[in-house]
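J.: Input: one structure, supplied below.
The values are calculated or read from the model by the stated rules, or taken from the named source; none is laboratory data. Since this is a predicted model, take the numbers as computed values, not measurements. Counting neighbours? That spans all protein chains shown, and the Cβs are built from the backbone with ideal geometry, glycine included. When the accessible area is computed, the model is the full protein with side chains, heavy atoms only, and any ligands, DNA or RNA have been set aside. Shrake-Rupley method; radii C 1.70, N 1.55, O 1.52, S 1.80 Å.
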Amino acid sequence: MISPTMQNALNEQINLEQASAQLYLAMSAHCEGKSFKGFAHWLRLQAAEETTHAMKLIDFLLDRGGRLELKTIPAPPTEFGGIIQVFEQTLAHEKGITAKINALFERARNEKDYASEITLQWYVSEQVEEEASVGQIVDHLHAIGDQGGAIWHLDSQMGKRGKA
Ligand code: OFO
């Protein structure tokens, strides 16, 4: 049986993962509105991936006999600026999520909740990957700027992202 404090912390993380999905969907629509179909596609898939992160935690919580407490998902902004700003905000968001996952992992370790610790290990690794891939996009965007032909080339590369 999961502890009440770990149950609360996992419910909070589930809400954050769903809020991430909502944020990336809003960003995707924003890119679509600027005719950046490739960036929009990448962010739409990212939104779907965030939903799977939430579902994995929900399954784990329920398997442990915990109670799922879904919370309100805050409405994301509708305006994100240029493409560079979109991905800078994505990177900043992922860094914030990494901090939350690390705190959750630490809680599991302090509580000697080994099952949670093992499950959360996957999320720790996933955050390394998320920050690396978004960081690379930000670097590319800074290198090419958000004007001119190169951004359209990058947009078409982003459109090639397949489902994880
Ligand atoms: Fe769930 O990794 Fe991004 O937020």
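J.: Can you tell me which residue within the range 132-144, out of those that are open to solvent by 50 Å² or more (accessible area, probe 1.4 Å) and under 25 Å from HIS53 (Cα atoms), is nearest to the ligand (Cβ to nearest atom)?
T.: Going through the range 132-144, the residues open to solvent by 50 Å² or more (accessible area, probe 1.4 Å) turn out to be 132, 136, 139-140, 142-144.
With under 25 Å from HIS53 (Cα atoms) added as a condition, the list becomes 132, 136.
Values: ALA132: 12, GLN136: 15 Å.
Across the range 132-144, the extreme among qualifying residues is ALA132.
J.: Show the residue pairs that are 6+ apart or on different chains and have beta-carbon atoms under 7 Å apart, the first residue being within the range 37-50 and in a helix (DSSP H, G or I), the second being of a type in the set (Asp, Glu).
T.: Every condition considered, the pairs that remain are LYS37/ASP155; GLY38/ASP155; PHE39/ASP155; ALA40/GLU32; GLU50/GLU17.
J.: Here's a follow-up. Looking only at residues that are free of Cβ contacts under 8 Å to residues at least 24 places away in the same chain and of a type in the set (Asp, Glu) in the range 101-135, which one is nearest to LEU154 (Cα to Cα)?
T.: GLU129
J.: Please state which of the following conditions LEU104 fails to meet, knowing it meets all the rest: (1) farther than 16 Å from LEU16 by Cα; (2) in contact with a Leu (Cβ under 8 Å, 6 or more places away or on another chain); (3) surrounded by 18 or more Cβ atoms within 10 Å (Cβ to Cβ).
T.: Exception for LEU104: condition (1).
J.: Out of the residues in the range 75-97 that are surrounded by fewer than 13 Cβ atoms within 10 Å (Cβ to Cβ) and within 21 Å of ALA40 (Cα to Cα), state the one that is nearest to the ligand (Cβ to nearest atom). Quick ask: steps written out before the conclusion?
T.: Of all residues in the range 75-97, those surrounded by fewer than 13 Cβ atoms within 10 Å (Cβ to Cβ) come to 75, 77-79, 81, 92, 96.
Adding the requirement that they be within 21 Å of ALA40 (Cα to Cα) leaves 75, 77-79, 81, 92.
On the way: ALA75: 17, PRO77: 16, THR78: 20, GLU79: 21, GLY81: 20, ALA92: 11 Å.
Checking each candidate, the answer is ALA92.
J.: When residues of the range 4-50 are filtered for being of a type in the set (Ser, Thr, Tyr) and open to solvent by 30 Å² or more (accessible area, probe 1.4 Å), how many remain? Don't jump to the end; show me each part of the working.
T.: Initial filter on the range 4-50 (of a type in the set (Ser, Thr, Tyr)): 5, 20, 24, 28, 35.
With open to solvent by 30 Å² or more (accessible area, probe 1.4 Å) added as a condition, the list becomes 5, 35.
Residues flagged as of a type in the set (Ser, Thr, Tyr) and open to solvent by 30 Å² or more (accessible area, probe 1.4 Å) within the range 4-50 amount to 2.
J.: Further, regarding this structure: Conditions: (1) modelled with pLDDT of 95 or more; (2) open to solvent by 40 Å² or more (accessible area, probe 1.4 Å). GLN147 meets all but one. Number of the miss?
T.: Every listed condition holds for GLN147 apart from (1).
J.: Give me the pairs, please: first residue somewhere in the range 12-24 and over 15 Å from THR78 (Cβ atoms) and near the ligand (Cβ under 8 Å from one of its atoms), second residue anywhere and part of a helix (DSSP H, G or I) and open to solvent by less than 20 Å² (accessible area, probe 1.4 Å), beta-carbon distance under 6 Å, and either six or more positions apart or on two chains.
T.: GLU17/GLU50; GLU17/HIS53; GLU17/ALA54; SER20/GLU50
J.: Continuing with the same structure: Exactly one condition in (1) open to solvent by 30 Å² or more (accessible area, probe 1.4 Å); (2) assigned to a loop (DSSP other than H, G, I, E, B) is not met by GLY66; state its number.
T.: Checking GLY66 against (1) open to solvent by 30 Å² or more (accessible area, probe 1.4 Å); (2) assigned to a loop (DSSP other than H, G, I, E, B), the one that fails is (1).
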